[in-house]
1. If a residue must be touching a residue at least 40 places away in the same chain (Cβ under 8 Å), touching a strand residue (DSSP E or B) at 6+ places or on another chain (Cβ under 8 Å) and either more than 22 Å from residue B:175 (Cα to Cα) or part of a helix (DSSP H, G or I) (or both), how many such residues does the range B:201-220 contain?
2. May I ask you to say which residue of A:87, A:137 is modelled with pLDDT of 80 or more and away from chain B (no Cβ under 14 Å)?
3. Tell me, which residue of the range A:213-228 that is within 29 Å of residue A:103 (Cβ to Cβ) and touching a helix residue (DSSP H, G or I) at 6+ places or on another chain (Cβ under 7 Å) is nearest to the other protein chains (Cβ to nearest Cβ)?
4. Which residue out of B:89, B:153, B:68, B:131 is in contact with a helix residue (DSSP H, G or I) (Cβ under 6 Å, 6 or more places away or on another chain) and more than 30 Å from residue A:96 (Cβ to Cβ)?
5. Scan the range A:70-88 residue by residue and report those that are surrounded by fewer than 20 Cβ atoms within 10 Å (Cβ to Cβ) and over 10 Å from residue A:215 (Cβ atoms).
6. Return a yes/no flag: does the range A:171-178 have any residue that is under 30 Å from residue B:53 (Cβ atoms), surrounded by fewer than 15 Cβ atoms within 10 Å (Cβ to Cβ) and at pLDDT below 80.
7. Just a yes or no: is a residue in the range B:123-143 in a helix (DSSP H, G or I) and under 30 Å from residue B:3 (Cβ atoms)?
8. Has the range A:108-120 got any residue that is part of a loop (DSSP other than H, G, I, E, B), surrounded by 24 or more Cβ atoms within 10 Å (Cβ to Cβ) and under 13 Å from the mean Cα position of the chain (by Cα)?
């Protein structure tokens, strides 16, 4: 029994410490990246000044704000918050989707959920302009998250239905169906860009490339109620997803309400990805890179993976956005280009080092 | 011994074929029951019906008179544990984490350290405690099976805090185990039956089944051929009819097992 007691102590201490340590380290990382992101840009603001501006604003002392204060509070802060929200949403959605499909290669961007959401948003832009604008005037921004969310939900459901036979979800079918959905939405996007005028064309390319530019407080606040519930709800799915990793039958044997967990995960992914796509277009690979790195570092337990993914995703996207808007200043690189340029080679490396080759 | 599980007129179809076709069955606590039969006889399907994983097309399974489909999944998980044939994991869970899945969300009044103790004890019982920090994905087939046995034992131990009467289902639990661990696992299963659990296993090895079971259930083409003590079921005429092989059954009461091809 001594060996059991020893081992028990070691395992328990190890798990608790590493989990708390990792989550606090990630929280510190988010904070650091955020401060750097606020200070960097066309107008550089020193760290001490950034801090005093933010504390002034929080304390309600807005009278002493100069030009740099306005830049930070009206331009960079909403963009920072939007980046944090979307990064957290994309990475959590990736982790949820991978848990749901029991496969580390599932990603909302990869299997066409983002494409479905972007297509729905594009439809809203092009057809909404033509059909609704004469009736109700300029469209409110809120309609885009709703449209994108509907698109994301429908695509996720369709994928799930196509890939599931007799209660078993085939990952190969799901990936192939995702390719088909992606191609289909690509074709319709192409049709839209063929039909659209100059302004709509610019909006469309924004959707397909992804960018955090154009972040405003209004936009950030519109997206917040869509993403926050998803982030808050994910920890409650952790146990169900852990059991689901063994298989649906095994999860049922362990007392998990499998259908409810699956339905909730699909809904959360659709809401979070829909809102993200509506606000920033398609940003791929964050959802696959972040959970994978964390699994390598700290294991697969979803009780750790889900909150850690949200934190690392937030930090990563803000860091990428900071690079995107400073590297070719005063112009800006769409962030989707950056994440794809980093994410695609990473994904290939992932495929190459998988034990057992390419089996799905 | 009163019936813990009672199945009446169970029918299950898949793809237009009746995999289980009108089976009546009662199972009592304290008994080690082994389901045998040739490939495709419906053994695993029957097991999955009895543990509530599949809903029958006709008939019903009752747990102490309560219909199985009406019992919520979480409560069922306290009453019975199921060891599957094989289970892939695509994520790098450690062996300890897999065993711990048996205790997550199961049991009443258990602290976190209680749950960890139960998982570790189960790992010891299944002879895989030394693998606790290892990545499950790097284990051999036999080691994986033992880890799942540990997970199932941990689930039973945690569930015992809420439900006194439990059942253990094993679907071909020894398929990839070496001889030592085959005997150890089935021995543990039989000990559980001695402690009052209803233990139901699907097994291919007739010799082991004959040695260990209190009762055998012989299936053929979805129907129950016969049930009873091993020597009443494993008669040469029955074996010839169901398995299509001629065997000589001979009782050697002093030997724990014998390896004598007919």
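1. Within the range B:201-220, residues that are touching a residue at least 40 places away in the same chain (Cβ under 8 Å), touching a strand residue (DSSP E or B) at 6+ places or on another chain (Cβ under 8 Å) and either more than 22 Å from residue B:175 (Cα to Cα) or part of a helix (DSSP H, G or I) (or both) number 3.
2. Details: A:137 fails: modelled with pLDDT of 80 or more.
Within the list A:87, A:137, the selection yields A:87.
3. Just the residues of the range A:213-228 that are within 29 Å of residue A:103 (Cβ to Cβ), to begin with: A:223, A:226-228.
When the remaining residues are screened for being touching a helix residue (DSSP H, G or I) at 6+ places or on another chain (Cβ under 7 Å), the result is A:223, A:226-227.
Details: A:223: 30, A:226: 28, A:227: 25 Å.
In this case the residue turns out to be A:227.
4. Sole residue among the options that is in contact with a helix residue (DSSP H, G or I) (Cβ under 6 Å, 6 or more places away or on another chain) and more than 30 Å from residue A:96 (Cβ to Cβ): B:153.
5. Correct list: A:70, A:71, A:73, A:74.
6. Scanning the range A:171-178 turns up at least one residue that is under 30 Å from residue B:53 (Cβ atoms), surrounded by fewer than 15 Cβ atoms within 10 Å (Cβ to Cβ) and at pLDDT below 80.
7. Filtering the range B:123-143 for residues in a helix (DSSP H, G or I) gives B:123-125, B:129-131, B:136-138, B:141-143.
Next, from what is left, pick out any that are under 30 Å from residue B:3 (Cβ atoms): B:125.
Yes, the range B:123-143 contains a residue that is in a helix (DSSP H, G or I) and under 30 Å from residue B:3 (Cβ atoms).
8. Yes, there is a match, as at least one residue in the range A:108-120 is part of a loop (DSSP other than H, G, I, E, B), surrounded by 24 or more Cβ atoms within 10 Å (Cβ to Cβ) and under 13 Å from the mean Cα position of the chain (by Cα).
The values are calculated or read from the model by the stated rules, or taken from the named source; none is laboratory data. In this text, all values refer to a predicted model and were calculated from it rather than measured experimentally. So basically every Cβ, Gly included, is an ideal-geometry build from the backbone, and we count neighbours across all protein chains shown.
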